[in-house]
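Below is one structure, written out as structure tokens, with a few remarks after it.
The values are calculated or read from the model by the stated rules, or taken from the named source; none is laboratory data. Please read these numbers as outputs of a predicted model, since none were measured by experiment. Backbone-built Cβ (ideal geometry, glycine too); neighbour counts: all protein chains shown.
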Amino acid sequence: MLGVVRGRSGGVMLMFTAATLLLRLASNATLTRILPPYVFGVMGVIASAMVILTMLSDLGYASFVIRHERGDDPRFIDVTWTIRLGQSVLQAIAMALLATPFAAMLGKAWLAHPIAICAPVFVLNALCPMSLLVAQRHGRVRMVGAIELGALIVQIGLNVGLASFYMDYRALIVGLYAGALARIGLAMILLRPMPRLSFERALATEFFGFSRIIMVSSILTLLITQADKVLFARLFPMPTFAVYAMATNLALSTQPFGRNYVQNYFFPLVSRVWREAPDTIAHTFYRGRGRAYRLLFAGFGFATGLAPVMFAILFDWRYEYGWVFMSVLMVRGALDLDSFIGSQTLMAMGFTATTLHANILRLILFGAAVAGLFQPLGPIALPLALAIAEGGAALYIGWLLHRRGIFKPRLHAVYAVIFVAAFVAGGAISMVAAPGKTIEGLARMGR
């Protein structure tokens, strides 16, 4: 098993994630020079609407399939896929019906049409074979990465190709549909044919019993992670929200480095270890993180300090102060990197309520931070509150791991030192290469 830990799968996953990030950066740099800023605000609102609906009805399919002892049974997969497909139809109907009131809540009624147009994407995503999750279960990261990267290339290609013709959000919506269709096609070609509609009462009962905790936890995550975006969209003009949305997108584009590594490599690994050799779980926890996590923390710290330079290179003057938002969100991303791998380890061990309890703590800390910081600091208080909430959750999950003999404070401290050192290096480069943007961004936040 330790040979698996030391294998190449984790590194391959990071390579695919790096390629994804570079493609997204190139796409953003190109599209922001072709399309007006409001377009990215529109897509940010659409993304928030889809995330809200997804998390309100999150049933935890991936965790259920990957850790379940019947995860390789075709009938098990067919039943789970059938449940997911039925759920996606309900999600699409809900998004179409709620588009108008959601847009009205934001004070921008004209957004109802583009929101409603994207509703069928839920069904397209659900039509993708569950064999992708089976591939993750067995650590087939090359196959999973190739499918996701191929779909992204199709989406970005159409986005850039159509942007010069439409010059509005329609180009990006068409790309969204094309990417979903490409993902289905690639999964069918590279893995196995589409699953069949099937139902099994006992399995459905077990699944929904598992999903109750996941759903409540996801609703709390939704309240925390979408509150800042909804407030920005409500309180500020669309071009201003577009700056925050761009900073958020750039910060979130780095999150898959940790998330993909954990979901596609680490979680299947610790799930197998817990089933086959539970006494080695503590050893696997740190060996599975290994060099990859040290590189990730260095990358997150460096990107946090280098944010002014990144905005200077990638975007024009209209977005230049967005680097401040990105820096704070990158700190939150680093904390999430640590808390997520801990919560997934506990999930693999059968402690499914851990994420729920951590999210309750996040919500309390987020609300308290917003209440205390918004008046003196203004809009920057919202991403700061997210970072504070994530820090509290990371401490809580670390305490749970310590109680089970897994958490090692000295080994964890190494990641913090690496992050700070990389941040200082990135910040020094920013002060030399883009001093004007660095100072202007800080000054603008202080107004």
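Observations
- Residue among 381, 393, 368 that is assigned to a helix (DSSP H, G or I), surrounded by 14 or more Cβ atoms within 10 Å (Cβ to Cβ), within 19 Å of the chain's Cα centre (by Cα) and not β-branched (Val, Ile, Thr): 393
- Residues in segment 396-405 that are in a helix (DSSP H, G or I) and of a type in the set (Gly, Ala, Ser): 1 in all.
For every residue, the table says whether it meets (1) in a helix (DSSP H, G or I); (2) at pLDDT 80 or above; (3) of a type in the set (Asp, Glu).
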position	(1), (2), (3)
3	yes, no, no
14	yes, no, no
19	yes, yes, no
26	yes, yes, no
33	no, yes, no
42	yes, yes, no
51	yes, yes, no
59	no, no, no
62	yes, no, no
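- Residues of segment 426-439 that are touching a helix residue (DSSP H, G or I) at 6+ places or on another chain (Cβ under 7 Å), among the small types (Gly, Ala, Ser) and either at pLDDT below 85 or loosely packed, with under 15 Cβ neighbours inside 10 Å (or both): 433, 434.
- The set of residues in segment 406-416 that are assigned to a helix (DSSP H, G or I), surrounded by 13 or more Cβ atoms within 10 Å (Cβ to Cβ) and at pLDDT 85 or above comprises 414, 415, 416.
- Residues (more than 26 Å from the chain's Cα centre (by Cα) and surrounded by fewer than 21 Cβ atoms within 10 Å (Cβ to Cβ)) located in segment 62-96: 69, 70, 72, 73, 74, 75, 78
- Residue check, residue 185 at pLDDT 80 or above and under 21 Å from the mean Cα position of the chain (by Cα): no
- Residues that are of a type in the set (Gly, Ala, Ser), at pLDDT below 85, more than 24 Å from residue 39 (Cα to Cα) and in contact with a helix residue (DSSP H, G or I) (Cβ under 6 Å, 6 or more places away or on another chain) are absent from segment 321-334.
- Of the residues making up segment 397-406, those that are in contact (Cβ under 8 Å) with a residue 40 or more places away in the chain and of a type outside the set (A, V, I, L, M) are 398, 404, 405.
- Number of the exception - residue 305 against (1) without any contact (Cβ under 8 Å) to a residue 60 or more places away in the chain; (2) among the small types (Gly, Ala, Ser); (3) under 26 Å from residue 260 (Cα atoms): (1)
- Criterion: of a type outside the set (S, T, N, Q), under 28 Å from residue 329 (Cα atoms) and without any contact (Cβ under 8 Å) to a residue 40 or more places away in the chain - qualifying residue of 287, 291: 291
- The set of residues in segment 224-282 being more than 21 Å from residue 308 (Cβ to Cβ), among the β-branched types (Val, Ile, Thr) and either over 20 Å from the mean Cα position of the chain (by Cα) or at pLDDT below 75 (or both) consists of 224, 225, 230, 270, 273, 280, 281.
- All conditions in (1) buried (at least 19 other Cβ atoms within 10 Å of the Cβ); (2) of a type in the set (Val, Ile, Thr); (3) in contact (Cβ under 8 Å) with a residue 40 or more places away in the chain hold for residue 388, with the sole exception of (3).
- Hey, residue 163 under 18 Å from residue 42 (Cβ atoms), modelled with pLDDT of 70 or more and under 19 Å from the mean Cα position of the chain (by Cα) or not: no
- For first residues located in segment 40-69 and within 22 Å of residue 177 (Cβ to Cβ), partners that are among the acidic types (Asp, Glu) and part of a loop (DSSP other than H, G, I, E, B) and lie 6+ apart or on another chain with Cβ distances below 9 Å form the pairs 42/168.
- Looking across segment 290-302 at every residue that is modelled with pLDDT of 75 or more and surrounded by fewer than 22 Cβ atoms within 10 Å (Cβ to Cβ), the one that is nearest to residue 142 (Cα to Cα) is identified as 292.
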